[in-house]
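Read through the structure below, which is laid out as structure tokens, and then see the notes.
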Amino acid sequence: MQKIAIALVAMVLIAGCIGGGTTTTTTAAPTTSAPATTSPPTTTGPVKTFDMLITHSGYSEKALNLKMGDHVVINARADTGTAAHKHGITVDELGVNKAVTSEDINNPDKIEFDATKVGTFRMYCGTCKDGIYGANHPQILGEVRVTE
Ligand SMILES: [Cu+2]
């Protein structure tokens, strides 16, 4: 008899704990993360966004015209069936070097950088060397122009 009573008490306690646990996790969810997403490193200038399609023959945006201090967001995707080639965007002077493997227009690869130097810089596909083309990758070229 005593054992049954103890078991019942234990079950009630466990049920209570589970109930309490689920309510706290659902109430702890509210968005305290909002400020974090709005504060990327050092964004001084305006945000310039580009949609970039990379095919075997080139970039859809061949010249990115920027002002010093701009924060650049490139929504880049690889042409259908080309993700394995690891085409990408490299700009040595601005520290950009990223392969683009998304082929989904609704979920592109996001490449972000700041225009920290004035000049005209070569934008090229530097990530192909790791892809299936290796050293024989096609010449995909563009320019990044940053003015005062
Ligand atoms: Cu490439």
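Below is a table of values for the structure above.
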{"quantity": "Qualifying trypsin sites (Lys or Arg not before Pro) in region 39-148, DSSP loop, other Cβ atoms within 10 Å at most 14", "calculated": "Lys62, Lys117"}
{"quantity": "Efficiency of FRET between Asp130 and Lys67 - r from beta-carbon atoms, R0 35 angstrom, step 0.05", "calculated": "0.60"}
{"quantity": "Cα-based reach from Lys86 at 17 Å (exclusive), listing aspartates and glutamates while leaving out same-chain residues under 8 positions away", "calculated": "Glu103, Asp104, Asp109, Asp130"}
{"quantity": "Taking Met123, Met52 and counting other C-beta atoms within 10 Å, the order from fewest to most", "calculated": "Met52, Met123"}
{"quantity": "Ranked list, fewest to most other Cβ atoms within 10 Å of each Cβ, for His56, His87", "calculated": "His56, His87"}
{"quantity": "Region 44-147: C-alpha pair distances exceeding 23 Å, %", "calculated": "21"}
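Rule-based calculations on the coordinates, nothing more; no lab input. Note that this is a predicted model, so its numbers are computed, not measured. So basically every Cβ, Gly included, is an ideal-geometry build from the backbone, and we count neighbours across all protein chains shown.
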